[in-house]
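The values are calculated or read from the model by the stated rules, or taken from the named source; none is laboratory data. Bear in mind the structure is a predicted one, so any value in this text is a computation, not a measurement. Here Cβ is always computed from backbone atoms with ideal geometry, including for glycine, and neighbour counts include all displayed protein chains. Calculation scope for accessible area: heavy atoms of the full protein, side chains included, ligands and nucleic acids excluded. Shrake-Rupley method; radii C 1.70, N 1.55, O 1.52, S 1.80 Å.
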Amino acid sequence: MDRARIFKSILWAITGLGSAALATRFLIGLGAIANMNDAVPWGLWKGFNIFPGIALAGGGFVMTAIIYIMAREEYHKYAKISVLLAFLGYLTAATALVTELGLPWLVWHPIIFWQHHSPLFEVSWCVMLYLTVLFLEFIPVPLEETSRFAKIRIFLTKYKIVLVFLGIMISTLHQSSLGSMWLITPEKLHPLWYTSLLPILFFLSAVAIGPIMLILAILVITRIYRRRTDSQTLSKLGLLSVFGVLVYGLVRLIDIGVKGKFAMIFDGSWQSTFFLVEISLMVVIPLVLMGVRRLRNSSGSLWVASLSAVIGLGFDRANIAGIMLSVDGPMYTPTLFEVLVSLAIISAAILAFLFGIERFKIWDTKWEDPREKPESHPDFDRSAEVWLGTPRLAGRSVYSLIFVVSLAVGFAIIPGKRIYSDGVQEVVSQKAYGGDTLCIDGNRDNYGVTFDHKAHVVRNSNDSSCVLCHHMNQPNDKQSGCYSCHRDMYQTTDAFRHDWHADPANANIGCMECHAIDQERLATTAKACDQCHKDLIPPGATITIEKYMAPSYTDAMHFLCIDCHRQKAEELTDKPDLALCTTCHRWKHPNHLQDEVAEKYNHPYFNHVVLPQKGSKEKGH
Amino acid sequence: MKAAILTDVTKCIGCLECVAACKKTNKLDRDFPRSWHKNDGLSARNWTSIVEKPEQHYIRKQCRHCLEPACVSVCPVAALYKTKEGPVVYDPDKCMGCRYCMVACPYGIPRYDWDKPAAYVQKCHMCIDLIKQGKQPACIEACPTQATIFGDRDQLMAEAHRRIKDEPEKYINKVYGEFEVGGTSVLYVSDIDLEFLSYPLKPGTEPLPDTMKPAMEAVPPVFVGMGALMGGVYWICRRREKLQGEKEGNKE
Ligand code: SF4
Ligand code: SF4
Ligand code: SF4
C-alpha cells in the first residue's frame, strides 16, 4: 500500500481533531481545553511546540551559512529543503504562540509598544523578521512554476546572499534570546538547568542539532516516498553537526563543573535522572553514532542518532520551559485537547511540507510517484484508487472527508462543562448546627463567638424565616433546586441533615421514601426537596448577595450578617457595634469569649452547641 | 514619596475586610473555586487574600510592588510598568496575554482570566487612582486593626524596625521585603517565617532584572559581530575558491 497516503491520512485526522479543540479555545477561552493554571502559566504548547520548534528550525540558518557562506557545494541540493523546513518550523511555533496568547489578535503589539530590555520583545521581533526572510528565501521555488513573477524571482535569487546574512544574524539573536528568557527565573528553574550561560547554550544547541533535524527529515521523507538516501552526504553532514554537539556538551558540562554543581548530576533525584537522559539523548548517543566512522556510514545508526538528538533537544527545551520549574500550585498535566492541538499544528506543518515536496522542485525533481500519477494530471495527489478501490474518490476528497469527520469527532469529545462548572471545595464538616444559640467557630480552633440563632429566627418572623438565611447560598436565588447547594450531606456548606430526615422515615428501612429503589443513593438521585417541603422556598424569593456560597462561617457572617449589623449599629448608638470585627475579636485568642459563653449558656438545653473546651488548648495571649 | 504598605502579621485577625474592600473598590466579580486557582486565595478576581497558617496566623497576600519588578522587565509590550508613585500597574490596552509576567514574578502574583476568550492579567495595582487623589488604598482603609498600613516606604521601614526593636521577643528580626529581589514596596513584619511567600529556591537580594541585563546588552554587538564574522568567512571562502580556480587554470 502507499505509505505516503496512509501517513497523510493520519495527519489529516489529527489536524481535524486538533482544530476542534483550537476552535473551542478561541470561542470560550483557554480554560475550556487547557490545564494551564495560575501556577503553570505556560504549558505544553510552549514546552513542546514553541521552544523545541524554533530550536529545531535552526537548521535553516545553519545550512544557509554552510552552503552560501562557507561555499560547501556538496550540500547545495539541501538548500531549498532546509529553508522550507525552517519556514514551516517557524510557522508552527508562531501558530502555537498565537494559540496560547490570551489576546491573539494583538500579537503584533510588540511592533508598536517597545520594551527593549525584554527578551520576549526581542524574540517576537526576530521571529517576525525571520519569518519574512524565510518567506523571501523560499518564494522563488514556487515561483519557478510560473513565468508571471519572473522579475521578482530573479531579483530575489540575485540578492539571496543578503537574505542569508540577515537570516543568520537574526537567528543568532533570537535563538540565544530564547535562552535569556529563562534568566529571570533563578528561583524557579532547577539549578542543573539554570545558568547565566543559557543564551549561549541555546544558541549552540540550535546550531548543532538544527542540521541533524534536517538529516532526520530527509531520512523520513525518503522512506515515505521510497527514495534512495544519499547517505554519504548525510553522514558527512552528521559528522559536521557532531562537532557542534561536542562543543555544546563540553560548554554545558564545564559550566556545571565550574559552578560546583557536579554532584547534583548523580544525586539520584528524578531531576538528575532527567538530566542524564537528556544529555545521553542529545550529546552522548549522537556523538558515538555519528562520530565513529564505522557506525556513521550505516543508515540505521544515522536514524537512531538523529532521532535521539532531535528528541534530546526537544526534551531539553521542555525541561527548561516547564518540567524543571518549581510549582507552587496545582500540578500541570496537559489535557488530551492540548495534546491534540499540539499535534494538529505539527501535522498541518508536515502536510504542508509534503505538499511542497510533491508540488515543487525542492530536490532534483518533483516527488510524485510516476506509478500512480498519469502524466496529464499535474495536480497534487488525485489518485487514491489504489488503496480505496473506488475510482471516483480522489485523494483530495478522501482527505477532506477525513478532516471533516475528525473535526466533528473532536467537537463531540470536548467536555462542555469545564468552563461553566463551579466546583465546591471540600471542607471538613464541623458539628455546629441549629438550636437556640450557635457557637460559631469559624476557624475551628475551639474558640467561637456566640450567635443568637433563636433571636434571629424570632426577629425574622419565626418558622417561615429559615429560608431568609439558609437559602441565600445562590446568586440571585429564585426557586433554585435545593440540591444546587445541598450537594453533599457531609460538607460544611450543607444545611441538609440526613439523619434528621432518616429518623422520621423509620431510619434504615425508610431509605426508599426518598431514594429510588434501583438507583445509587446519592443526593442527585433522591427526591427533590420541594416534593415534601412545599413551602420551602417562598414564591418569588430573589436575593442577591456578594458571595455565591459560604465555605466557612467567616464568609457567612461577613456577607450576610455584617451588612445588617452595620445598619443597626448606625441606628442604635448605645449598643456595641457588632459589624466591627474588633468588637468580638479583640485579641487574637479571644479567651474572654470562652468564659462568656460558658457562663451565659451553661444550661442543659444548650445541647446543640459544641462548646469550646475550656483550657483544652494551651494558648498565650 | 514612594508609596508602600506595611503589614504586621501579629495584628491581623483574619477578618477579610481588606479582601472585601478590594473587591468592592476594584469592581471584581464573584469568584468560584476553579481548577486553575492556586490555593493561596489570589485569583483573577481576588487581588488580595488572607493565607491562614497554624496558630491563628493570617498573612495578607498581594502584589509586592517590587522596586525593580521582574514582571515589568520581561513584559514585551510594556503593559506592566512602575509608576513614579511606586505601584506597579497594568495597562490592559497594551497587554497581549503572553503571560511571561506570570512566569517571571518571584512571588507568583499575577493571575489570569482563564475562562475568558479575551483574557487579561490581573493583580493588585495598589489602588493607584486613590493614591493619586491623596487617599489610602481601599484595603488599608478597611482594616479594623491597622494590621496593614500605608505610607512612605522609608517611614514605614523605620516603623517596622521600631516595632521589632521594641518587642524583639515577639517579632522575627527581619523586615520582609527590605532586601529581597532588590526590595519591595509591600513590607511585612511577622512572628512566623514568611519565606513561603516566594518560591522554594530563594531569589536572593539581587534585583531579578539584573540577571538578564548582560544578555540583553549583548544583543546589538552580537548582531553586528555575527554579521562581521560571517562576512569574513564569506570573503575567505570566496578567495580560496578563486585561488583554487586560478591554480587549476594554471595547471592547464
Ligand atoms: S510581586 Fe510580582 S507582580 Fe508584583 S511587582 Fe513584583 S514581580 Fe511584579
Ligand atoms: S501577559 Fe501581558 S502584561 Fe504579562 S508580560 Fe505578557 S503582555 Fe506583558
Ligand atoms: S491596594 Fe487596592 S488593589 Fe491592592 S489589594 Fe489593596 S485594595 Fe486591592
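Summary of values
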| quantity | calculated |
| --- | --- |
| Qualifying trypsin sites (Lys or Arg not before Pro) for the range B:119-210 [loop in DSSP, other Cβ within 10 Å: at most 14] | B:Lys135, B:Lys170 |
| Taking all pairs of distinct alpha-carbon atoms in the range B:3-208, Kirkwood radius in angstrom | 17.3 |
| Segment A:Val458-A:Leu253, length gained on full extension (0.36 nm per residue, minus Cα span) | 66.1 nm |
| Residue-averaged 222 nm ellipticity for chain B, from DSSP H runs of 4+ at -39500 (n - 2.57), nearest 500 | -10000 deg cm²/dmol |
| Area projected by the alpha carbon convex hull of the range B:134-195, averaged over all directions, nm² | 4.9 |
| Coordinate range along principal axes, alpha carbons of the range A:1-128, Å, largest first | 52, 51, 24 |
| Buried solvent-accessible surface, both chains (A, B), 1.4 Å probe, Å² to nearest 100 | 7100 |
| Cβ neighbours within 10 Å from other chains - mean over B:112-125 | 5 |
| Environment charge of A:Leu17, counting only residues whose C-beta is closer than 14 Å and scoring Lys/Arg +1, Asp/Glu -1 | 0 |
| For B:36-43, mean number of other protein chain Cβ atoms within 10 Å | 5 |
| Gap separating the Cα centres of the range A:328-356 and the range A:144-191, nearest whole Å | 23 |
| Summed side-chain charge close to B:Ala160 - residues other than B:Ala160 whose Cβ falls under 9 Å, Lys, Arg +1, Asp, Glu -1 | -1 |
| Segment A:Thr525-A:Ser397, length gained on full extension (0.36 nm per residue, minus Cα span) | 41.3 nm |
| Accessible-area value, B:Thr83, 1.4 Å probe, nucleic acids and ligands omitted, Å² | 20 |
| Counted charge near B:His65, where neighbours are those whose Cβ lies closer than 12 Å (Asp, Glu -1; Lys, Arg +1) | +3 |
| Whole-number percent relative contact order across chain B, with pairs defined as alpha carbons under 8 Å at least 6 apart | 25 |
| Centroid-to-centroid separation of the range B:2-48 and the range A:229-275 [C-alpha atoms, Å] | 47 |
| The range B:120-162-the range A:21-54 distance, computed between alpha-carbon centres (Å) | 36 |
| P(r), alpha carbons of the range A:34-334 - 20 Å bins starting at zero, rounded % | 32, 57, 10, 0 |
| Reduction of at least 30 Å² in accessible surface, 1.4 Å probe, comparing all protein chains with the chain by itself, residues of the range A:303-347 | A:Ser326, A:Asp328, A:Pro330 |
| Probe 1.4 Å, protein heavy atoms only - accessible area per residue of the range A:1-127 in square angstrom | 30 |
| Candidates B:Phe150, B:Phe179, B:Phe223, ranked by Gaussian network fluctuation over chain B, Cα under 10 Å, top entry | B:Phe223 |
| Principal axis dimensions, largest first and in whole angstrom, of the range B:154-240 by Cα | 80, 27, 15 |
| Heavy atoms of B:Val224 accessible to a 1.4 Å probe, total area in Å² rounded to 10 | 100 |
| Pair A:Arg228, B:Leu28: separation of 7 Å Cα→Cβ label points (nm) | 7.0 |
| With every protein chain in place, the range B:1-101: carbon and sulfur % of accessible area (1.4 Å) | 53 |
| Area of B:Leu67 that stays accessible when all protein chains are in place (1.4 Å probe, Å², to 10) | 60 |
| Dipole moment magnitude, nearest 20 debye, the range A:34-334 about Cα centre, only Lys, Arg, Asp, Glu C-beta charged | 1200 |
| Nearest 10 degrees, 0 to 90: helix B:153-166 Cα axis against chain B principal axis | 50 |
| Alpha carbon convex hull of the range A:180-223, volume per residue in cubic angstrom | 88 |
| Solvent-accessible area lost in complex, 40 Å² minimum, residues of the range A:37-71 relative to chain alone, 1.4 Å | A:Asp38, A:Pro41, A:Trp42, A:Ile69, A:Met70, A:Ala71 |
| Projected area, mean over directions - the range A:244-354, Cα convex hull, nm² | 9.8 |
| Rotationally averaged projected area of the range A:66-203 (alpha carbon convex hull; nm²) | 11.0 |
| Of all accessible heavy-atom area on the range A:34-334, the percent that carbon and sulfur account for (1.4 Å) | 72 |
